[in-house]
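Read the structure below first, then the notes.
The values are calculated or read from the model by the stated rules, or taken from the named source; none is laboratory data. Quantities reported herein were computed from a predicted structural model and do not represent experimental measurements. FYI the Cβ positions are ideal-geometry reconstructions off the backbone, even for glycines, and counts take in every protein chain you see.
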Amino acid sequence: AQSVTQPDIHITVSEGASLELRCNYSYGATPYLFWYVQSPGQGLQLLLKYFSGDTLVQGIKGFEAEFKRSQSSFNLRKPSVHWSDAAEYFCAVTNYGGSQGNLIFGKGTKLSVKP
Amino acid sequence: EPEVTQTPSHQVTQMGQEVILRCVPISNHLYFYWYRQILGQKVEFLVSFYNNEISEKSEIFDDQFSVERPDGSNFTLKIRSTKLEDSAMYFCASRGDQAETQYFGPGTRLLVL
């Protein structure tokens, strides 16, 4: 079955430190991969996406993610975290080949930032 | 920048009542979706809608749920007889033709008492 695993439920990092949020997926077809961010009480904002081509993709707010097919991973990174990055981060996968592209989400990783 | 809007932002209802959640997708988009997020849990797909009909639905989307695009701009989710377990945040999303990104609205938080 198709699934997305975010193994870290909650991560705390110090402001200015680097960040990596893990995402592993299980998907039979070529995946389209996304990272969304959700601030408290807010909707889902797209950070970045991967469809094809360069496996290192750049997103908004200084985030990047790397697609590794051999590891079925799409980890999110940021070299220097800001206090405003505190939020919940969701990895999602879909495929538009045979469906309307319903997103399958991971359970999310909550990021806290220490001053 | 175009965005998906949803109304109301919050809704409180009694168990057994009907609720209608409204969404205005981005104007030139063709694919529409509803998702829900129960507090503390992951976002789950409910239904997708294209060309004025449901294209896919999850097992959550049972007979008490329905969707409609009554005019050229609105996309609604109706829950006929709400249950306590329907309490959740409901997100609408839309996608353009030949595009891959789904854009989400801010959500409607539904509380069933």
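Quick check on region A:57-68. Is at least one of its residues within 14 Å of chain B (Cβ to nearest Cβ) and either part of a loop (DSSP other than H, G, I, E, B) or polar (S, T, N, Q) (or both)? Yes, some residue in region A:57-68 is within 14 Å of chain B (Cβ to nearest Cβ) and either part of a loop (DSSP other than H, G, I, E, B) or polar (S, T, N, Q) (or both). Are any residues in region B:45-83 crowded, with 17+ Cβ neighbours inside 10 Å and either in contact with a helix residue (DSSP H, G or I) (Cβ under 7 Å, 6 or more places away or on another chain) or closer than 18 Å to A:L44 by Cβ (or both), and if so, which ones? Answer for region B:45-83, where residues must be crowded, with 17+ Cβ neighbours inside 10 Å and either in contact with a helix residue (DSSP H, G or I) (Cβ under 7 Å, 6 or more places away or on another chain) or closer than 18 Å to A:L44 by Cβ (or both): B:F45, B:L46, B:V47, B:S48, B:F75, B:L77, B:I79.
Considering only residues of region B:72-98 that are polar (S, T, N, Q) and within 16 Å of B:C23 (Cβ to Cβ), which is nearest to the other protein chains (Cβ to nearest Cβ)? So, considering only residues that are polar (S, T, N, Q) and within 16 Å of B:C23 (Cβ to Cβ), the one nearest to the other protein chains (Cβ to nearest Cβ) is B:S94. Among residues of region B:76-99 that are more than 30 Å from B:N28 (Cβ to Cβ) and touching a residue at least 40 places away in the same chain (Cβ under 8 Å), those with a Cβ under 8 angstrom from a residue that is among the polar types (S, T, N, Q) and outside any loop (DSSP other than H, G, I, E, B), sequence gap 6+ or separate chain, pair up as B:R80/B:S66; B:T82/B:T13.
All of (1) surrounded by 13 or more Cβ atoms within 10 Å (Cβ to Cβ); (2) of a type outside the set (F, W, Y); (3) in contact with a Leu (Cβ under 7 Å, 6 or more places away or on another chain) hold for B:Q14 with one exception: (1).
Mind listing whichever residues of region B:40-71 are basic (K, R) and either away from chain A (no Cβ under 12 Å) or under 15 Å from B:S94 (Cβ atoms) (or both)? Reasoning before the result, please.
Initially, region B:40-71 is screened for residues basic (K, R), giving B:42, B:57, B:69.
Correct list: B:R69 only.
Of the residues making up region A:34-60, those that are in contact with a Leu (Cβ under 9 Å, 6 or more places away or on another chain) and either of a type outside the set (V, I, T) or surrounded by fewer than 18 Cβ atoms within 10 Å (Cβ to Cβ) (or both) are A:F34, A:W35, A:Y36, A:Q38, A:L47, A:L48, A:K49, A:Y50, A:F51, A:Q58, A:G59, A:I60. Every condition in (1) away from chain B (no Cβ under 14 Å); (2) modelled with pLDDT of 95 or more is met by A:T109 except one, and the failing one is (1). Considering each residue of region B:3-19 in turn, none proves to be within 25 Å of A:T94 (Cβ to Cβ), of a type in the set (A, V, I, L, M, F, W, C), in contact (Cβ under 8 Å) with a residue 12 or more places away in the chain and in a strand (DSSP E or B).
Restricting the search to region A:82-104, which residues are in contact with a helix residue (DSSP H, G or I) (Cβ under 9 Å, 6 or more places away or on another chain) and part of a loop (DSSP other than H, G, I, E, B)?
Filtering region A:82-104 for residues in contact with a helix residue (DSSP H, G or I) (Cβ under 9 Å, 6 or more places away or on another chain) gives A:82, A:84-85.
Of everything in region A:82-104, just one residue is in contact with a helix residue (DSSP H, G or I) (Cβ under 9 Å, 6 or more places away or on another chain) and part of a loop (DSSP other than H, G, I, E, B), namely A:H82.
Pairing each residue of region A:27-51 that is more than 8 Å from every other protein chain (Cβ to nearest Cβ) and assigned to a loop (DSSP other than H, G, I, E, B) with any residue that is buried (at least 17 other Cβ atoms within 10 Å of the Cβ) and of a type in the set (F, W, Y), provided the two are 6+ apart or on different chains, yields C-beta distances under 7 Å for A:P31/A:Y25. Being β-branched (V, I, T), more than 10 Å from every other protein chain (Cβ to nearest Cβ) and surrounded by 12 or more Cβ atoms within 10 Å (Cβ to Cβ) is the filter here, so list the residues in region A:1-26 that pass it. Answer for region A:1-26, where residues must be β-branched (V, I, T), more than 10 Å from every other protein chain (Cβ to nearest Cβ) and surrounded by 12 or more Cβ atoms within 10 Å (Cβ to Cβ): A:T5, A:I11, A:V13. Scanning region A:69-81 for residues that are of a type in the set (G, A, S) and either in a strand (DSSP E or B) or surrounded by 14 or more Cβ atoms within 10 Å (Cβ to Cβ) (or both) gives A:S72, A:S73.
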